[in-house]
Amino acid sequence: MSVPSESFEGLPLDVLSLILKHVRKHDFKSLPVLRLASKAMNALVEPMAFGTATIKFTTNRVHCIQDQLSGLASGQGPNGRWTKRLYIEHLLPHADDKSEHYQFLRACQDQFFVKAIQSLQGVNWASFDADENSKDGPYLAAISSLTQLPHLESLSLSFSSEFDEVGFLGLDSFSKLRYIQLIRQPFTKPILDEVRCMIVQSPCLEELTIEAYTWLSVSGGQTNEENPSDREYLFDGALQGPNFAPRLLKFTVGNDATLTSKSVPYFRSLTHLDIGPHYGKIQDGFWQSLSETGVALHRLKLAFFTPAIIQYLTSYAGLNELKVNCRYDDEESLSRQVFDLVLPQHESTLQFLSFVEFNSNFWGITEETLKCVIRCKALRTVALMCHPSHDMVKALNLISKYALSDSRLLISRL
């Protein structure tokens, strides 16, 4: 028996929203159909069903790709009104493939791809995954089309190793971005120049992630593992701007890189810093300059400790999250300073603490170290190593004695 549309019209909006969230989670394909139930339902369904668009050219989409892309390219459908997030992936290469599926998908890509992107004028967040096939596909057209989206604020670009020697991407045409994520991008000198220009043209940049397979020297295109890429080269253009004001809040750097005191003026508003496992050359002066400039990080993720880092962390209070994933050898004195000096400095604010995958035993739970942790009353999540020993038994007994309120204690046993 059909349900009268009036029954939906009478439901409160919060109830309708709950229904739609359930449908979106368990049966997303049926979500657009609910637009026909009532005007109220349609008003809620359209932003939810068409807020995100994904463009990809895979064989399992042969049955729908032409209708989707032609609809997007026309600019007349609901995507033109509601799409804010755009995913692009699996572009077709220019290959000598005579198969029917390839020829059909390639024709759709050639005819509709660029127009489909350009029609989504409301997009403010875009992700492009340039896999190994994209190297021989229209990746430049994809990037160029993204630069023309007037409301784009967040950009995520990911490249396969096939792009390592690429000398042109057109990244310098992006501007006014607030969030940039560059994963495994080529770092030849021309691409470095493009990234530098993109940062200069985004004075309100708040989050920046830069990772790569290998860092290529600024002076040429050859891999130079002993001299990681100098990060200051990317920021000095912005620092020289007449109206520069530091706004970057989150910075993630992966693989080998160099950070010195020269870049700290760009980081004066920084609250989150993530440094990947292959940390390159983070000079002591970088941490000293952070302290002298008054940069008080709320979140710090590291793969190592040095005396300079410990000195920085004891220079202020207010750290909320400290995560260290270390596979390098450490001295016992460093671990003692972290437990005895760093944790007490942030005991009123620290909510997340993680020390895992250390090679040495100096970072394992003991009765003494656990007492230092328990003094951090704001802790919600703890991840610590527990080594099989008499100290471990004592520590576990101590855990039950000093239960951390409103927290869950995660113990990684190596």
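The values are calculated or read from the model by the stated rules, or taken from the named source; none is laboratory data. Computed from a prediction, not measured in an experiment: that's the story for all the values here. Counting neighbours? That spans all protein chains shown, and the Cβs are built from the backbone with ideal geometry, glycine included. The area values use the complete protein model at the heavy-atom level, side chains included, leaving out ligands, DNA and RNA. Shrake-Rupley method; radii C 1.70, N 1.55, O 1.52, S 1.80 Å.
Worth a mention:
- Two-site FRET efficiency, residue 133 against residue 15, from Cβ-Cβ distance with R₀ of 51 Å, rounded to 0.05: 0.65
- Proximity of backbone amide H atoms, modeled 1.01 Å from N, is registered between residue 120 and no other residue at under 5 Å, excluding neighbours fewer than 5 places apart on the same chain.
- Cross-link partners of residue 262 among lysines (Cα-Cα below 26 Å; sequence separation of 8 or more within a chain): 176, 189, 250, 281, 301, 323
- Loop-located trypsin sites (Lys or Arg not before Pro) in the range 70-111 (DSSP state not H, G, I, E or B) with no more than 13 neighbouring Cβ atoms inside 10 Å: 98.
- Peptide packing for 198-206, 89-97 was compared via the average number of neighbouring C-beta atoms within 10 Å per residue; ordered from the highest value, the list is 198-206, 89-97.
- Stretch gain in nm, segment residue 367-residue 204, where the contour uses 0.36 nm per residue and the Cα spacing is subtracted: 54.0 nm
- Student exercise, the range 46-132 dipole from Lys, Arg, Asp, Glu Cβ charges, in Debye to nearest 20: 400
- Multiplying the residue separation of residue 176 and residue 95 by 0.36 nm and subtracting their alpha-carbon distance yields 25.5 nm.
- In terms of the mean number of neighbouring beta-carbon atoms within 10 Å, the peptides 290-298, 176-184 order highest first as 176-184, 290-298.
- Under-5 Å amide H pairs with residue 276, H placed in peptide plane, nonlocal only: 253, 254, 255
- Taking the 1.4 Å solvent-accessible surface of the range 22-66 as the whole, the part contributed by carbon and sulfur is 56%.
- Note, ³J(HN,Hα) from phi for the range 372-377, Karplus 6.51, -1.76, 1.60, rounded to Hz, x at Gly and Pro: 5, 5, 5, 5, 7, 6
- Residue ranges 161-174, 112-125 sort as 112-125, 161-174 when ordered by packing (mean number of other C-beta atoms within 10 Å per residue, highest first).
- Computed FRET value (nearest 0.05) for residue 296 with residue 124, which takes r as the C-beta separation and R₀ as 25 Å: 0.25
- Extended-chain gain in nm, criterion 0.36 nm per residue less alpha-carbon gap, residue 268 and residue 156: 37.9 nm
- Heavy-atom surface of the range 94-216, accessible at 1.4 Å and reported per residue (Å²): 42
- Less than 5 angstrom separates the built amide H of residue 350 from those of 378, all sequence-distant by 5 or more or on a different chain.
- In the complete set of protein chains, residue-level accessible area for residue 261 is approximately 60 Å², probe 1.4 angstrom.
- Taking only protein heavy atoms and a 1.4 Å probe, the accessible area of the range 82-142 is 48% carbon and sulfur.
- Applying the Karplus relation 6.51 cos²θ - 1.76 cosθ + 1.60 with θ = phi - 60° to the range 293-308 yields 3J(HN,Hα) values of 7, x, 6, 10, 5, 8, 9, 9, 10, 10, 10, 6, 10, 9, x, 5 Hz, where x marks Gly and Pro.
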